[in-house]
Structures are given as C-alpha cells and as structure tokens.
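First the structure, in the form of structure tokens, and then the observations on it.
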Amino acid sequence: MVPIIQLFGIDVVRFSIDLLTLYSLFLVVSLTLNLEAGYAGIPNFGKVMFVAAGAAAAGSASGQLAAFVLMINTHGNYTGYIYQVIPQIDAALTHNPGLSIGILLFGMLVAAVVGAVLGFAASFPAIRLREDYLGMLLLAAAQFFQIILSGYEPIIGGTQGIEVPNVFGWFFGDEIGVRDVVVLLVLGAFALLVFVYCEKVVRSPLGRTLRAIRDSELASRSLGKNDVAIRRKVIVVASAISGMAGALLTFYLGSVGAETWTRVTWTFWIWVILILGGAANNAGVALGAFSFTLLLKAVDQVKFNFQPFIPVDVNWLEYIMFAALLIGILVVRPDGILPEKPTLTLPRSVLGHIMESSVNPVDDEKSQPAKQTI
Amino acid sequence: MVEAFVTDTIVYASLFGLMALGLTLTYLTTKVPNFAYGSFVTIGMYTAFALYRIQKISPYASAPIAFALGAVASVSMYLGVLRILSKRGSSLVALMIATLAVDIAFVGIFGIYSDYLTSRYAFIDSKQFYPIPDSFTLFGTAGIVYVAPISLGIVTLAVFLLLTQSKLGVAMRASVENPSLARVVGINVERVYVFAWLLAGGFAAMSGSYYVLWLPGGITGGSNLIVEIFAASVLGGLASIYGSVLGGLIIGASEVLVTKVALDQLGSWVGIYQKGIPLIIMVVTLLVLPKGITSIDWHRMFVKAYPSFASQLRRLYHSMAKLTRGES
C-alpha cells in the first residue's frame, strides 16, 4: 500500500511517482535526441515518429503474441475484438509473472527493431542532406506517419486506439498505487541504463569522433573517419532506444492510439528539454529533463485551480508558455543550463597525476635515464 | 458541370502555388525553413471563418483583411523572434526550433480564439469547421475555381514585376544574392527582409482564406499542410520564386490526380495515403535533384545531349566492328 502524504492539498507521494515516471521517459528520449542532435549534429525534427512507431508496434505485437500463446480466439481480427481479447489476456497474466515479463520484453524488442528499421530508413536522407532540408523532411515524414497510424486500422485500430495487456498486473494484483510504483521502477531502471550507456558512448573514442564529425566533417574525413557509417549507427541506435521508450509508455498507459503521440509532446518538448539542459551534455539534459518535467507537472497541478478565473482552456496557455520558454532560453542562455564541456576521458586522479608531472618535469627526469643530446 | 477532380486539381494546385511562393520568400531572406508558415495559413482560415459567420462577409471580401493579419503575424515573428536570435549568432538548428516553437504558440492562440468564438457566439464547430459556402457560381462551377488560379496568376505577375521593374525589387534580389554587398551600396537589407516577410505572411493568409471555401479548416488546418507546402517549395528548389509556384502546381495537381487514379483502381482504402504523394515527391527531389526543377538545364538535356549521344553510338559501332574483325 502506498502512503498518502498531503502537502498544500497535494498528494506528495502520488505527485512524485507521476513526476519521476514521466521524467524517466522524457530523459530516455531526450538523451537519444542529444546523441543525434547534440553530439552527431543530426537535427531530428521527427522524433515523435520513432517513439510512436515503437509504441504502436509494441502495443499491437505484445497483445497478439499473448493472444496466440494463451490460445484466445481473435476471430482473425485482433483490433476488432480487442475489448473481448484484452480482459482474457489480463486475467491470465495476473497469475503468470513469467509470461508477463516475457511479453514486456518481447514488446520492447519489437519496438527496438521497428525503431531501428525506421532509423535506418531515415539515415539515407540524414547522411546526405543539409540540416534545414533534413529538418523539413523528417518533420513531414513524422506528419505522414501519424496520418498512416490514424488511418490504417489493423495495427492499433486507428484514432480509436487499442488496449494493451497489463504486464504489471501479476505484482500485487491490480492495486493502483502499487502498479505505478512497479512501473516507475522499471522505467527508472531503463532510464538509468540509457543514461550510463550514453555517457559511456560520449566518453569513448566514438564520442569524440562524433563531435569531430559534427564540427568539421571534412577534417574528420581527412583523418580517415567514416562519417556516413558513424552517423547511420547513431540514428539507428537512437531510434531503437526511442522506440523502446515508446513501448514502455504504452505498457504504462495500458492503451495506444494514433493520437497518443503528438508532435508537441514528443518532438517539441524533447527539443525544449535539450535546449534547456544544454546540447551535447548528458548531465545537462538530465537536469533539463528534470526541470522541464517538474515545471510541467507543477503547471498541471495548479492550472485547473486557475481555470474558473480564465475564460479559455488553460491547455492553450500551456502551449504558448512553453513556446515562450524555449525562445527565451534561446535568447538568454542558448547553451542551456550546463553548456558543452570537453569530456574527461581519464579518471580525475590520473589526470591530476599527469598534470603534476607536466608541471614538475624535474621529478620525472630523475627517475628516467638521462636524455641523449644531439 | 465540370468533373469534380478537374476543379479539385485547379483549386488545390493554385493554392499550393500561392503558399509555396510565400514560403520561398521567407526562406530566401532568412535561410531558415519556417515551420510556423502553416499557421499563417490558419490565420487566413480563421479570418474567413469568423467574418463569414459573424458578419456574413464573403471570404473574397475578407481576403485583404486576412492578408493584413497574416502580414502582421509574419513581420512580428521575424522582428520579434528570428532577427533577435540571428543577431545573437544562433545556429540554424536553433532558428529552426524557434520557428517550431512559434508554430506551437500559434496553435495555442488559435485554440484560445476558437474557445472565444464558441463561448461568445456559440459556434460549436469553431475548432474544426466545414467549408464556407461560396458566394457565387459561374457556368455551374463554384467561384473559387476561377478565383484561385486568377489570384495565383496576378500574384506571380505582380511579384515578377516587383522583382524586375521596381527599385525595391532589385534591392530585394541584391539583398538575397549578397547581403553584405547590398549593404555596401546603401540598401537597407533589414527593411527589405521585413518586406519579404510581410508579403509571405500575406500570401499565406490569403490562400488560407480561399482554402476554406473548398476544404475544411481548423486549429491545425494550416500546420497540417506543411507537408505539401514544403514539398512544393523543395521541388521548386527553395531558392526560386517561380520554381516554387511551379512546384506548388505540380504537388497540388499530382496529389489530386494520383489519388483519383489510385481510388479508381485500388479502392477507397488508399484515400488516407494521399499525403504520401507530396512526401514521396519531396524525398525523390531531395535525393535526385536537390536544387529543384529550376536547376534542370533543359537546353543541355535536349539540344546538346544529341551530339554526345550520337558520338557514343559511333564509338560503340567502331568497337563492335573491331570485335567482329577479331582485333582486341
């Protein structure tokens, strides 16, 4: 049972769980955007496409797999009979942790594969085009992708959407608070994993190569770096991770529809996080994602208190507010909260030792044999 | 009575020509793809909708008002956001994300305005509305079928005359070609850019107010058209005003005609993929002809290509003859 602690009329525990769940998702997607746009210099204005693709694929495939494994009759039309199929799956999953975890992992795998394939397709224009052309193309492609999702019913039932098996139901049953804690733990672990991975990548020789390609493609090419292959890898990996984030959100929400993923949330807000935190700085992005999510949730908490005094829907004011926030950051602090820094590739202690020996070369000369003079 | 797909093609192609012309004007001056451009179109849609529903003013009569509102929005976006950012040395990506932010803000503003229309005048359809009835018909066809292409023709001619015959137009071309040199000869480049943005926003809003005479409009009505508008502009090469008009005509016509053929041949399920056509054209253009249709050298392709083709044939013939004679 999750305790209830009230503070200023707000349930603090509930608020924190929601905040951290959303934070984990935003963190994952913004870290992948940071890898693409911050480090590799590929401005991905179609991020929503990769997240939504993973979500749709996972939402559809996991339920169909569950129905197949549990031998539930879908009458050959999974999305059409969704309201009869899902309750049967959920009932079976509450007593079957192994299958639940298997379906969760399967959904994430499918999402990663779909994301990677889309990323691979997107890499063809991305390695050829200039930033502005690429931005236009990806934005347009994402728009088209959403039209397909909303029109093509066999995947996720179009705009109406479908329900998704409850893979967290086996853990203490269906108690609402507990399920959310489990979801938070899963999402948090995933986000931590992605953060460590991204940090490892950017501190590796590959990370420095990415920056070299971003800053001077020609110079890096002259040093023998294959910029095309490296960029392609970055897009594929980033898109696969984005797809997995979408899959996790689907399992968390318990449903998926064509309008769950909007350009505002999964392209624009992710860019706000990146710019706010500081491009090409993972710690900055983590901080930016946290500040943004906190702001978003705080606004969500108070906005309905203001609703009676404002004649218009407060959600529209939120749109304008975040747009103004982004432009404000670009004007006042274009490098974000934590600007890009040269990465320290060696531990601090080793670096300190090197610095010392370079300042005091006398000690070194004593220990080494005398140099030959020419 | 003319067949529906013919009138569809005429209206669609003309309006996209008009929209692409405006987008290209903004791209030429600031070199930033303006993601908020679709919202300028929406301004026109709402101007036409509100004035028709409240005052019964026909969109033809309200088009100049739409032009003015679109121009104001466009100029304030340029002066209030883009110029400030580019003066601070922002990168291209930063400017692009700023235009996306402006688009989102505009959607918020349209949302507020539609809420206002609903609460003040009880227009329950103010978020998503059906086409406004046309105010006149000619030979059994709606007026917009004539007005749209005529407007496109007049605007293109006016822009052509402006750029070639007037001092301002020459200054504009100079500022686009080489801003620093234009400054040296005493052209106020900033003012020229403001004028270009004014025209762009005006054309967008004007085409938006015509658009709702034919097709439904709404809060994201204009933003949803950016696929077509960008495709048209890219097809025209993004740097050529006439190319963009041609691109808009091609995009609009091919979208309607290809969809019609596909609907007839394959059935109604292809209807949702309509927007795929401009996207495919855009991808193919970017990969095959990145500088657009105006970069094709037709003279070289058709006139000069023949001699070289003939010499290739001759070389082939000689090598074949050598082979048959047994030489190597």
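The values are calculated or read from the model by the stated rules, or taken from the named source; none is laboratory data. In this text the structure is predicted, and so the values were computed from the model without any measurement. Here Cβ is always computed from backbone atoms with ideal geometry, including for glycine, and neighbour counts include all displayed protein chains. Side chains are part of the model used for accessible areas, which takes the heavy atoms of the whole protein and leaves out ligands, DNA and RNA. Shrake-Rupley method; radii C 1.70, N 1.55, O 1.52, S 1.80 Å.
A few remarks follow.
- Accessible surface of A:LEU276, taken over heavy atoms with a 1.4 Å probe and every protein chain present, rounds to 30 Å².
- Averaging the sequence gap over all C-alpha pairs within less than 8 Å and six or more residues apart, then dividing by the number of residues, gives chain A a relative contact order of 29 percent.
- Cα gyration tensor, the protein assembly as shown - rounded (a/c under 1.5), prolate or oblate: rounded
- Prolate/oblate/rounded label for chain B (Cα gyration tensor, a/c 1.5): oblate
- Heavy atoms of the protein chains alone define the surface here; on that basis chain B has 46 Å² accessible area per residue at 1.4 Å probe size.
- The residues of chain A present an accessible area of 47 Å² per residue when probed at 1.4 Å with all protein chains retained.
- Neighbour count of at most 15 Cβ within 10 Å plus DSSP loop: longest GluC sites (Glu not before Pro)-free window in chain B: B:4-326
- As a length-normalised measure over Cα pairs under 8 Å and 6 or more apart, the relative contact order of segment B:125-214 settles at 32 percent.
- Within a Gaussian network of chain B (alpha carbon springs, distance under 10 Å), most fluctuating of B:ALA142, B:ALA196, B:ALA122: B:ALA122
- Average beta-carbon neighbours from other chains, 10 Å sphere, peptide B:84-97: 5
- Counting only alpha carbon atoms, the long axis of helix B:276-288 and the longest principal axis of chain B meet at about 40°.
- On association of chains A and B, roughly 3700 Å² of accessible area becomes buried (total for both chains; probe 1.4 Å).
- Cα shape, segment A:6-367, gyration tensor, a/c 1.5 rule: prolate
- Restricting segment B:64-108 to trypsin sites (Lys or Arg not before Pro) in coil, as DSSP defines it, with at most 13 other Cβ within 10 Å: B:ARG88
- Among B:ALA253, B:ALA204, B:ALA171, the residue with the largest mean-square fluctuation in a Gaussian network model of chain B, with springs joining Cα atoms closer than 10 Å, is B:ALA171.
- Relative contact order for segment B:4-292, counting Cα pairs under 8 Å that sit 6 or more residues apart, in percent: 37 percent
- Subset of B:LYS31/B:LYS291; B:LYS56/B:LYS275; A:LYS225/B:LYS291 violating a 22 Å alpha-carbon distance limit: B:LYS56/B:LYS275; A:LYS225/B:LYS291
- Segment A:251-326-segment A:68-90 distance, computed between alpha-carbon centres (Å): 35 Å
- Share of carbon and sulfur in the accessible heavy-atom surface of segment B:4-292 [1.4 Å probe, %]: 70 percent
- Where only DSSP H runs of four or more residues are counted, chain A gives -23000 deg cm²/dmol as its mean residue ellipticity at 222 nm, each run worth -39500 (n - 2.57).
- Cross-link partners for A:LYS297 among the lysines, with Cα-Cα distance under 25 Å and sequence neighbours closer than 8 places in the same chain left out: A:LYS47.
- Most fluctuating residue given options A:ASP11, A:ASP180, A:ASP215, as computed from a GNM of chain A linking Cα atoms under 10 Å: A:ASP11
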